[in-house]
1. Which of 58, 101 comes first, and how do the rest follow, when ranked by fewest Cβ neighbours within 10 Å?
2. For the pair residue 51 and residue 24, how long in nm is the line joining their label points, each one 7 Å along Cα→Cβ?
3. Taking every Cα atom in the chain, find the radius of gyration and the maximum pairwise distance Dmax, and write them in Å.
4. Distance from the Cα centre of segment 89-106 to that of segment 14-51, in angstrom?
5. Given contacts defined as C-alpha pairs under 8 Å and at least six residues apart, what's the relative contact order of segment 2-110, whole-number percent?
6. Among 100, 91, 21, determine the one that fluctuates most according to a GNM of the chain built with springs between C-alpha atoms less than 10 Å apart.
7. Measure nothing fancy, just the Cα-based angle from helix 51-98's long axis to the longest principal axis of the chain, in degrees from 0 to 90, nearest 10.
């Protein structure tokens, strides 16, 4: 009976070890995806392991690059729009300041 218990314990330990080893790439990808969700500028994950794991890692890295490009494009667009809107507003404010005291100036300043 002690021999069977020892063998059963070894089988359980070997099973846990092999399952953890088999699922390690998936845990690594899960961690990487969570990290990308928090910081798009985090380093890409390594593309190593079995063919399926490499393909999934490559897809995750490509997704990260596309997301980073989309965010950068959106930031550039927002900056350009803000600049384009500020220029005419500044000119209008300057012209408004140059107007003398009048009801039209008061109404324009209010707007």
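1. Going from least to most buried by this count: 101, 58.
2. 2.3 nm
3. 30.7, 106
4. Cα centroid to Cα centroid, the span is 61 Å.
5. Across segment 2-110, relative contact order equals 15 percent.
6. 100
7. Value to nearest ten degrees: 10.
Readers should treat all values here as calculations from the given coordinates under stated rules, not as data from a laboratory. All values derive from a computational prediction rather than experimental measurement. Backbone-built Cβ (ideal geometry, glycine too); neighbour counts: all protein chains shown.
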